[in-house]
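The values are calculated or read from the model by the stated rules, or taken from the named source; none is laboratory data. Remember, it's a predicted structure, so these values are computed and weren't measured experimentally. Note that we place each Cβ from the backbone using ideal geometry, even for glycine, and neighbour counts take in every protein chain shown. Heavy atoms of the whole protein, side chains included, go into the accessibility calculation; ligands, DNA and RNA do not. Shrake-Rupley method; radii C 1.70, N 1.55, O 1.52, S 1.80 Å.
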Protein chains: 2
Amino acid sequence: MVAVRRVGAKAGLSREQVFDAALDFVDAHGLPALSMRKLGAALGVEAMTLYNYVPNKDALLDGLVDRVMETAFADLDSPGASWVPWLRSFAHALRQALLAHPGVLPLAGTRPVNSPDALRMSERWLAGMRAGGVPLGRAMDVVNVVATFTIGHTLAEAGRTPGHEGTEPNLDDRADELDPAEFPNLTEVIATRAGLDFDSRFTEAIDILLAGYAALP
Amino acid sequence: MVAVRRVGAKAGLSREQVFDAALDFVDAHGLPALSMRKLGAALGVEAMTLYNYVPNKDALLDGLVDRVMETAFADLDSPGASWVPWLRSFAHALRQALLAHPGVLPLAGTRPVNSPDALRMSERWLAGMRAGGVPLGRAMDVVNVVATFTIGHTLAEAGRTPGHEGTEPNLDDRADELDPAEFPNLTEVIATRAGLDFDSRFTEAIDILLAGYAALP
DNA sequence: GCTCCATTCTTACGGCGTAAGTTTCTGCTA
DNA sequence: TAGCAGAAACTTACGCCGTAAGAATGGAGC
């Protein structure tokens with residue numbers, strides 16, 4: 001319920017509430033549907049009012065990415081000596097955080113995360129991994145590889161562009177049109193679902209990566 | 001030079017030319033700047049004329065992704081028995097194709113590629129890898145892992161959102177603001193550039209992945 | 001010369017981000 | 001208690017956007 005309020009009266013908004021509402025809106029209606037006017041309406045406020053809390057729409061989107069990224073780190077402690085299980089946890093936590101807000105996923109790939117919180121986080125795991133015996137450059141590499149793979153793989157998993165649901169047929173939807181004579185292998189993939197399990201594929205790839213980096217001299 | 005032409009006269013356009021112009025435009029001005037009006041102007045035509053060649057803007061964007069993806073496969077033959085070097089070539093070719101058109105990169109992550117050409121391509125490498133002794137599901141997994149990692153990593157490499165150049169500071173730009181006392185490790189990263197070489201990081205990660213998959217029972 | 005049709009242009013609608021200016025309320029000071 | 005300063009919200013307006021609908025134009029076949 002939106003409270004009735006007269007011009008000039010405080011709506012009692014806060015930066016936090018604006019981001020919360022934006023995340024809810026994107027989760028509910030998809031990223032393309034998010035506009036300042038509609039977000040304002042969802043908060044019972046005119047569009048321009050939002051500019052008291054956010055300099056422009058881009059900053060709002062950046063904030064959404066930050067917010068989702070933070071939840072991935074929320075329950076993680078420092079890597080310490082055993083950086084392999086720590087990175088494994090990080091990868092799976094990041095994937096879960098992204099899947100929980102698929103609307104924000106396309107932004108996660110394109111927007112650099114440089115908020116003060118993110119920098120503090122980076123500093124923390126860099127220190128932890130060095131303490132665990134990983135050279136600085138190696139630590140940067142392995143964490144970035146894990147993060148970028150997780151984002152790329154989860155982008156593909158979330159599939160069609162959020163907000164475009166139903167407009168872009170994916171492979172499954174086209175199973176019928178696929179001529180088994182021309183595409184015997186693809187037909188078999190769809191029939192047996194071999195190689196279509198994102199969950200186990202992700203787990204396997206992360207383990208391969210971590211084992212490979214752990215084995216480097 | 002745009003030829004002078006009267007209303008109703010054919011502009012002699014083709015679907016190909018529209019996509020070519022769109023790709024040029026995005027490369028030159030960034031994805032956010034692409035609009036039907038401006039693309040029309042670049043072709044010496046009104047916006048609505050483009051709808052004779054493309055059903056809507058979304059289809060135009062899908063076509064751009066297809067086009068870039070195809071160039072990654074263009075010089076690749078079938079995997080055959082030695083699928084590891086083939087996949088390595090594929091990964092590097094894909095990365096180069098994406099880096100050549102960074103404006104299209106954000107789309108590559110979000111738009112499923114299901115054009116007939118893409119399906120034929122998939123069928124081809126699936127057949128090749130099976131002939132090389134890779135089980136069907138395994139082939140799907142390793143190719144998808146390589147592709148999604150490549151997209152994720154290249155997204156990060158291309159960095160700031162194309163079209164937003166200069167509006168989003170990245171880590172390097174903030175080197176000055178970084179307090180060495182609070183962020184000793186990040187400061188060292190920037191100073192020594194340890195772990196900031198995308199090229200060698202990508203090569204290393206791909207090799208780790210391929211070696212790992214090759215070693216699976 | 002005339003008709004038909006493909007191609008292009010024109011006009012229009014509703015929505016977008018946001019700059020600029022206006023109105024209203026709250027809380028402090030006198 | 002009166003007055004006022006500042007904060008917060010609203011209103012208006014501008015130039016964009018994607019695209020639906022329809023009018024205008026040119027060339028091809030008779």
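Overview of results
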{"read-out": "Cross-chain or 6+ apart pairs with Cβ under 9 Å, the range A:30-50 first and away from every other protein chain (no Cβ under 14 Å), then more than 9 Å from DNA strand C (Cβ to nearest atom) and among the acidic types (Asp, Glu)", "value": "A:42/A:24"}
{"read-out": "Only one of A:100, A:127 that is within 12 Å of chain B (Cβ to nearest Cβ) and aliphatic (A, V, I, L, M)", "value": "A:127"}
{"read-out": "Residues located in the range B:109-123, provided they are more than 9 Å from every other protein chain (Cβ to nearest Cβ) and in a helix (DSSP H, G or I)", "value": "B:116, B:117, B:118, B:121"}
{"read-out": "Which numbered condition residue B:53 fails, given (1) more than 10 Å from DNA strand C (Cβ to nearest atom); (2) open to solvent by 30 Å² or more (accessible area, probe 1.4 Å); (3) in contact with a Phe, Trp or Tyr (Cβ under 9 Å, 6 or more places away or on another chain)", "value": "(1)"}
{"read-out": "Residue in the range B:56-73 that is within 16 Å of DNA strand C (Cβ to nearest atom) and touching a helix residue (DSSP H, G or I) at 6+ places or on another chain (Cβ under 8 Å) present", "value": "yes"}
{"read-out": "Enumeration of residues in the range A:57-103 that are part of a loop (DSSP other than H, G, I, E, B), at negative phi and either touching an Asp or Glu at 6+ places or on another chain (Cβ under 8 Å) or small (Gly, Ala, Ser) (or both)", "value": "A:78, A:81, A:82, A:101"}
{"read-out": "Conditions (1) on the phi < 0 side of the Ramachandran plot; (2) more than 9 Å from chain B (Cβ to nearest Cβ); number of the one not met by residue A:133", "value": "(1)"}
{"read-out": "Checking residue A:146 against (1) open to solvent by less than 40 Å² (accessible area, probe 1.4 Å); (2) at pLDDT 90 or above; (3) within 9 Å of another protein chain (Cβ to nearest Cβ), the condition it does not meet", "value": "(3)"}
{"read-out": "Residue within the range A:56-65 that is open to solvent by less than 50 Å² (accessible area, probe 1.4 Å), within 30 Å of residue A:135 (Cβ to Cβ) and modelled with pLDDT of 90 or more present", "value": "yes"}
{"read-out": "Residue B:107 being modelled with pLDDT of 90 or more, out of contact with any Cys (no Cβ under 8 Å at 6 or more places or on another chain) and more than 16 Å from DNA strand D (Cβ to nearest atom)", "value": "no"}
